[in-house]
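Below is one structure; the comments refer to it alone.
The values are calculated or read from the model by the stated rules, or taken from the named source; none is laboratory data. The structure displayed is predicted, hence computed values, not measured ones. Heads up, the Cβs are rebuilt from the backbone with ideal geometry, glycines too, and the neighbour counts pull from every protein chain shown.
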Amino acid sequence: MGDALLSTHAYSKSESLEYGELKMSNTIAIVDSRNGKQADLPIVSGALGDPAIDIAKLNKELGLFTYDPGFVSTCSTKSAITFIDGDQGVLLYRGYPIDQLAQHSSFLEVAYLLIHGDLPGPAQKTEFEHHVTHHTMIHEGLKLFMNGFHYNAHPMAMMVGIAGSLAAFYHDSLDPEDPQHRMITAIRLIAKMPTLAAACYKHSVGQPYVYPKNNLDYCSRFLDMMFGVPAEPYEVNPIAAKALDLLFILHADHEQNASTSTVRLVGSTGANPIACIASGIAALWGPAHGGANEAVLKMLNEIGDKSNVARAVERAKDKNDNFRLMGFGHRVYKNFDPRAKIIREMCHKVLNELGIHDPLLDVAMALEEVALKDDYFVERKLYPNVDFYSGIIYKALKIPVEMFTVMFAIARTAGWIAHWLEQNAAGDVKIGRPRQIYVGPKSRDYVPLGQR
Ligand code: SDX
């Protein structure tokens, strides 16, 4: 499908979308007790959530930096895409509550919403789905690249490499300054991630790649590429496709999480959008972030039985043991992760519909019950997060555990690209360049070798 047919009217909206401006409500006086100097800094607020101190002038006026490893209390940007209220367990995509989107929407409709700022009308939905469907194929040269990986390469290792290499095939449309380039790349990434993911899986099991079929919907096409074989027709289970679509909706975006912040930081250098998404995939891989879903299933298998749950909880509390309850805790949610609630209910529904009884679900439920009554977890407000139950559903869909974070990356590509578009459409992209507190040696003279 030639890109010349990519109609621009459907995409011009995100270019002209009015982003909420920050409102200055008041000032806060910062007084340096060492010399009595004072800086009056603006307090700025957005549409929802806590206001913030605009510290842009702090260093100039008081010669001070702020220090906040892990950015616990730091806003890196303003955004109109996703809102999270960690205390109330609220998650909104462009103002729409996640539970309503989970119930009524589809992943591609949510991808459109995240990118364009509003739900698509019928014509826009059809056009967006048409474009995604007709950009799912990958260059044949990529198969040669794939074949270079060792058969037991971790799929995330392959995804980081193979996704980044897409830039080598589209060097004529990667200019972040060009709205058409921005949009065609957004479509290509959303369209091709499932194809790349399925190819990584096929490579790992030594089976031939299955080409994307345009007559299937987004998730059915992915399952067909994952589990179809040339030897016989493959019938996609609609229950599995629906469950996958719902998981993709729930994983599509999540404000300034580590991988999205990485995409924005890389994007602030003017790097091409494909390189930015590849950096997001790499950041997502960590077990503290998107790698947690794979780690949860390994943990549940290690626990093995409900009788071992109490011991696991004790280990998680023991500071001398680096064992953590994977899938528990969250930087923002100090209440139940609303996505975890939806996925927990989905677990029962999907396993029942597929006629599967997975003892790991019993272990997970028992772990949740014990932990949520334990003071250590209650005091620290540690609740199950999005990763705690998702792996049980992926396992029921026969997706191998090494592919779990790849599934997360497919879904999060919609959020990553929406944030990249928002940052670039705003036009005033400043390169991200945090400072530090230097704790190394003071200036000293070189010591000749003979005197060391
Ligand atoms: C995702 O940011 C996002 O939005 C991410 C995400 C998204 O959609 O993009 O939601 C997806 O990454 C979900 C999180 C997946 N990660 C895990 O499930 C890994 C296990 N969880 C933790 O490693 C931890 O809870 C984090 C990384 C999620 C959050 O870490 P924080 O906010 O830095 O909290 P912390 O490490 O400072 O913990 C606070 C306290 C500590 O104890 P004390 O020092 O106060 O005694 O809680 C303890 C921690 O030791 N703690 C845990 C724990 N998580 C935190 N103790 C046991 N088990 C855990 N899982």
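If you go through segment 409-452 one residue at a time, how many are hydroxyl-bearing (Ser, Thr, Tyr) and buried (at least 21 other Cβ atoms within 10 Å of the Cβ)?
1
Of the numbered conditions (1) near the ligand (Cβ under 9 Å from one of its atoms); (2) within 22 Å of Ile392 (Cα to Cα), Ile249 fails exactly one; give the number of that condition.
(1)
Being of a type in the set (S, T, N, Q) and modelled with pLDDT of 95 or more is the filter here, so list the residues in segment 117-150 that pass it.
Of everything in segment 117-150, those that are of a type in the set (S, T, N, Q) and modelled with pLDDT of 95 or more turn out to be Gln124, Thr126, Thr133, Thr136.
Starting from residues that are of a type outside the set (A, V, I, L, M, F, W, C), more than 10 Å from the ligand (Cβ to nearest atom) and within 24 Å of the chain's Cα centre (by Cα), keep the ones in segment 281-328 and report whichever is surrounded by the fewest Cβ atoms within 10 Å (Cβ to Cβ).
That would be Lys298.
Taking the condition closer than 22 Å to His171 by Cα and within 14 Å of the ligand (Cβ to nearest atom), does Val263 pass?
The answer is yes for Val263.
Could you run through segment 221-240 and say how many residues are free of Cβ contacts under 8 Å to residues at least 60 places away in the same chain, part of a helix (DSSP H, G or I) and surrounded by fewer than 20 Cβ atoms within 10 Å (Cβ to Cβ)? Walk me through how you get there before you give the answer.
From segment 221-240, those free of Cβ contacts under 8 Å to residues at least 60 places away in the same chain are 224-225, 228-236, 238; that's our starting set.
Those left that are additionally part of a helix (DSSP H, G or I): 224-225, 238.
Next cut, surrounded by fewer than 20 Cβ atoms within 10 Å (Cβ to Cβ) only: 238.
Adding up the residues that qualify gives 1.
Can we say Ala426 is more than 10 Å from the ligand (Cβ to nearest atom) and within 17 Å of Ile277 (Cα to Cα)? Reasoning before the result, please.
Numbers: more than 10 Å from the ligand (Cβ to nearest atom): yes; within 17 Å of Ile277 (Cα to Cα): no.
Spelling it out, it is not the case that Ala426 is more than 10 Å from the ligand (Cβ to nearest atom) and within 17 Å of Ile277 (Cα to Cα).
If Cys347 meets every condition in (1) under 20 Å from the mean Cα position of the chain (by Cα); (2) more than 12 Å from the ligand (Cβ to nearest atom); (3) modelled with pLDDT under 95 apart from one, which number is that one?
Result: Cys347 passes all but (1).
Pairs, please: C-beta under 8 Å, at least 6 apart or cross-chain, first residue in a loop (DSSP other than H, G, I, E, B) and in segment 430-452, second surrounded by fewer than 10 Cβ atoms within 10 Å (Cβ to Cβ) and at pLDDT 95 or above?
Ile437/Tyr67
Would you confirm, using the coordinates I've provided, whether Ala153 is under 23 Å from the mean Cα position of the chain (by Cα), surrounded by fewer than 18 Cβ atoms within 10 Å (Cβ to Cβ) and either modelled with pLDDT under 95 or part of a loop (DSSP other than H, G, I, E, B) (or both)?
On the way: under 23 Å from the mean Cα position of the chain (by Cα): yes; surrounded by fewer than 18 Cβ atoms within 10 Å (Cβ to Cβ): yes; either modelled with pLDDT under 95 or part of a loop (DSSP other than H, G, I, E, B) (or both): yes.
The answer is yes for Ala153.
I'm trying to understand the selection: among the residues of segment 364-417, which are part of a helix (DSSP H, G or I), under 30 Å from Leu114 (Cα atoms) and among the aliphatic types (A, V, I, L, M)? Quick ask: steps written out before the conclusion?
Kept after step one, since they are part of a helix (DSSP H, G or I), are these residues of segment 364-417: 364-373, 375-379, 387-396, 401-417.
If we keep only those that are under 30 Å from Leu114 (Cα atoms) too, we end up with 387-396, 401-417.
Matches in segment 364-417: Ile392, Ile393, Ala396, Val401, Met403, Val406, Met407, Ala409, Ile410, Ala411, Ala414, Ile417.
What about Pro69, is it surrounded by 15 or more Cβ atoms within 10 Å (Cβ to Cβ), closer than 30 Å to Val90 by Cβ and not acidic (Asp, Glu)?
Numbers: surrounded by 15 or more Cβ atoms within 10 Å (Cβ to Cβ): no; closer than 30 Å to Val90 by Cβ: yes; not acidic (Asp, Glu): yes.
In short, no.
Enumerate the pairs (first residue in segment 28-57 and more than 17 Å from Asp68 (Cβ to Cβ); second residue anywhere and assigned to a loop (DSSP other than H, G, I, E, B) and of a type in the set (Lys, Arg)) with beta-carbon separation below 8 Å, excluding pairs fewer than 6 apart on the same chain, so at least 6 apart or on different chains.
Between residues of segment 28-57 that are more than 17 Å from Asp68 (Cβ to Cβ) and residues that are assigned to a loop (DSSP other than H, G, I, E, B) and of a type in the set (Lys, Arg), the close pairs are Val31/Lys37; Ala39/Lys57; Gly46/Lys78.
Considering only residues of segment 191-239 that are β-branched (Val, Ile, Thr) and under 20 Å from Ala153 (Cα atoms), which is nearest to the chain's Cα centre (by Cα)?
So the residue we want is Thr195.
I want to confirm something. Restricting to segment 165-213 and keeping residues that are part of a helix (DSSP H, G or I) and of a type in the set (Lys, Arg), which single residue is farthest from Val132 (Cα to Cα)?
Only one residue tops the list, namely Lys202.
What tally of residues in segment 20-48 results from selecting those that are surrounded by 14 or more Cβ atoms within 10 Å (Cβ to Cβ) and of a type outside the set (A, V, I, L, M)?
Residues meeting the conditions: 3.
Inspect all residues belonging to segment 29-41 and state whether any of them is hydroxyl-bearing (Ser, Thr, Tyr) and part of a loop (DSSP other than H, G, I, E, B). Break it down into steps so the answer makes sense when it comes.
Taking segment 29-41 first, the residues hydroxyl-bearing (Ser, Thr, Tyr) are 33.
Those still in the list that are part of a loop (DSSP other than H, G, I, E, B) too: 33.
Yes, because at least one residue in segment 29-41 is hydroxyl-bearing (Ser, Thr, Tyr) and part of a loop (DSSP other than H, G, I, E, B).
Based on what the data block shows, is Asp32 charged (D, E, K, R) and within 18 Å of Val332 (Cβ to Cβ)?
For Asp32, the condition - charged (D, E, K, R) and within 18 Å of Val332 (Cβ to Cβ) - is not met.
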